[in-house]
Amino acid sequence: IGSNLFDVENERFEHAVRDAGQFSFGIVAVEAWIIDEDSGELVRPKGGWWRNPFFVDSNALHRLEDISHPLHVSADPLSPGVDIAGELWLDSKVHMLGGKASSTSLRSFTSTRSNRTIDQATGKSNEIKKKRVFR
């Protein structure tokens, strides 16, 4: 019964992500990340990506979707404060706290263990083996 419940929850999540884009005017893609409470990292679960099939393909979308693309950007787990998803997660915590904390003060609760950089000459993503996790 446990795995059946898990499948139902995954299906609901996938539908929520799809519906967020499908029923909004002009949305090209929706990406959802969740916090893994065990690791403290943000992960994009199965069903956490939806793209509007009516929009023309672009190089940017191919970089996100096509793992054979030379400049592919993978959806690897990341820590709060790292990359766009991590920064948005930190910003959401500030708003949930009523603006009483800054992202700088939230970052003080983390330690650095992961970062991704972009090589300006090639545009390729370079993973630095450090990650930021909650202490």
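When the residues of the stretch 17-35 are filtered to those that are of a type in the set (A, V, I, L, M) and outside any loop (DSSP other than H, G, I, E, B), the one that is most open to solvent (accessible area, probe 1.4 Å) is Ile34. Only one residue in Leu42, Leu78, Leu64, Leu71 is within 20 Å of Ile27 (Cα to Cα), of a type in the set (A, V, I, L, M) and either open to solvent by 60 Å² or more (accessible area, probe 1.4 Å) or touching a helix residue (DSSP H, G or I) at 6+ places or on another chain (Cβ under 7 Å) (or both). Which one? Only one candidate passes the filter, namely Leu64.
For the stretch 48-61, residues that are open to solvent by less than 70 Å² (accessible area, probe 1.4 Å) and either basic (Lys, Arg) or assigned to a loop (DSSP other than H, G, I, E, B) (or both) total 4.
The values are calculated or read from the model by the stated rules, or taken from the named source; none is laboratory data. The structure presented is a predicted model; accordingly, all values stated were derived computationally and were not measured. Positions of Cβ are backbone-derived with ideal geometry, glycine not excepted, and every protein chain shown enters the neighbour counts. Note: areas computed on protein heavy atoms with side chains; ligands, DNA, RNA excluded. Shrake-Rupley method; radii C 1.70, N 1.55, O 1.52, S 1.80 Å.
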